[in-house]
Every structure is written in C-alpha cells, then in structure tokens.
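The structure appears right after this line, and notes come after that.
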Amino acid sequence: MVHPSILGQNDRRCQRRFIGVMLAAPFFAAGAAVTLVTSGMGVAVTMAAIFATFGLCWFAALLVAASGKMAFAGQVALVMGSLALAGVIAAAGGLASPVAMLVVALPFEAWWIGASRRAALWGAVSACVAVLLQAFAGSVFPFGPAVTAAWHWLLPLAWALTLVPRVAAPGSPAGAQLDPATDDRLENIIDAVVLRAGRHGEVLDASAKARTILKLQPELLFGTGLFDRIH
C-alpha cells in the first residue's frame, strides 16, 4: 500500500509500518472500549467512539498510502494515541491498573515506525501527556467507578504479543525494500516521466521523475492537471 513515488528504502519501510499500525490499532482500541467504558458511557456512545476510531485510523492510513506523505498523519496519530491512552487508563482505574503499562506502547511504536531517536522522543512525550491527562479524564467522561482487576493484564499482554513477529523476523521478506538500482519498474528504466491514466483519460499517477524533468510535483499532474498545463 506504499505510494509508488516512494523509492527510498527507509522511507518505504517507515510508511509501510505506519500504514500497518493504523490498520491494526482500532481493533485494540475497540477491545479496550468494550471492556472498560461501556458500563459507564453506555453502548451507543461506546459504539460511536469505536466507529470514530476506525474511521480516523483508517483514514490516516489511506492518506499516507494515497499521497506518500506521512509527516502530518504521523503527528495526528500521536495526538490520537495520547488521548485514547489517557481515556483507557482512566477507565481502568488510573495508574494502579496494569493497563497503565501501555504507556510504553507509544514510544515503542513511534520508534518502530520512524526508526529514529527523535521519533521515540516524541512518542515518549505523547505517553507523558497521556499520563497527565488520565487524571482529568474522569471529570470529563462518565466512566463510572473502576476497580483494578486481574483481567486488565490482557490488554498489555495482547499488545506485547504483537511484538513477537515484529522483533523475531527483522530480515523476513516482509521487511524487504525496493532498491532503485535493481527495480525493474518502467519509471526506473527509462529517463522519462511515466503517467498512469484512468479509463476516462485522467492521470491517476505520475512517476517521481516529474520533479526533475518537468520541474513539477507529481501531484500537480493528477486528474486534468497535465492537460490544463498543455492548453
């Protein structure tokens, strides 16, 4: 699902991981919402929150896949993750609950996606904000009284299980990247801009060489952008 204009090895890895996390994260959020906040907020509000989470996360993944730009979507994802984590911790009874161990998820996921200290730092900042906000979440949302229970361990355990395939197989084919020197796609073989047109003649995609040959961003050629410039 990575945009074809992204050819760098590290960039493709980061975007692929971000899209994967955005597609999977709502399922964990939905499980936490059903078990923790339904009794206090009601079924209708809980379902609305779950659908909103799915919509936002999947829209972020679609935005990155369609545009090839991850900076804004990554920032929004950190904000959403911080707010969601604060609500989950507050609904579970605060920092005394095992659910609070999920604070390590934000810095780890940020580091795993961005593969840099800066990304991990921003993830840690988001986790700290979540810890601070959870103290006030109870006064904003009617979570109801929460008691720490043994089954609360299931949430951090479920997230920890996702680390096994990611850490155990760093060199698997899923981590293979496209090497521009050996890639046999047409846009990398010929010294020209390759356009992919739709059924009605509109441009659906333009290769990255549009930046150097036409001095235009590929996105400016989408739709009727190319033909508007010709006329």
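The values are calculated or read from the model by the stated rules, or taken from the named source; none is laboratory data. What you are looking at is a predicted structure, and each value in this text was computed from that prediction instead of being measured. Cβ atoms come from the backbone with ideal geometry, glycine included; neighbour counts cover every protein chain shown.
Residues being surrounded by 14 or more Cβ atoms within 10 Å (Cβ to Cβ) and assigned to a helix (DSSP H, G or I): count how many of those fall in region 204-231.
8
Just wondering, is there one or more residues in region 145-154 that are in the same structural domain as Ala49 (by TED's automatic domain parsing), at pLDDT below 90 and closer than 18 Å to Leu83 by Cα?
No, every residue in region 145-154 fails to be in the same structural domain as Ala49 (by TED's automatic domain parsing), at pLDDT below 90 and closer than 18 Å to Leu83 by Cα.
Please determine, by comparing only the residues of region 165-195 that are surrounded by 13 or more Cβ atoms within 10 Å (Cβ to Cβ) and at pLDDT 75 or above, which one is nearest to the chain's Cα centre (by Cα).
Arg166
Quick one: which of Ala90, Ala65, Ala44, Ala61 is out of contact with any helix residue (DSSP H, G or I) (no Cβ under 9 Å at 6 or more places or on another chain), part of a helix (DSSP H, G or I) and at negative phi?
So the residue among Ala90, Ala65, Ala44, Ala61 that is out of contact with any helix residue (DSSP H, G or I) (no Cβ under 9 Å at 6 or more places or on another chain), part of a helix (DSSP H, G or I) and at negative phi is Ala44.
Given the conditions (1) surrounded by fewer than 16 Cβ atoms within 10 Å (Cβ to Cβ); (2) in contact with a Lys or Arg (Cβ under 7 Å, 6 or more places away or on another chain), and given that Val2 satisfies all but one, which numbered condition is not satisfied?
So the condition that Val2 fails would be (1).
Do we find that Ser97 is assigned by TED's automatic domain parsing to the domain that holds Leu157, surrounded by 19 or more Cβ atoms within 10 Å (Cβ to Cβ), farther than 18 Å from Pro26 by Cα and touching a residue at least 24 places away in the same chain (Cβ under 8 Å) in this structure?
yes
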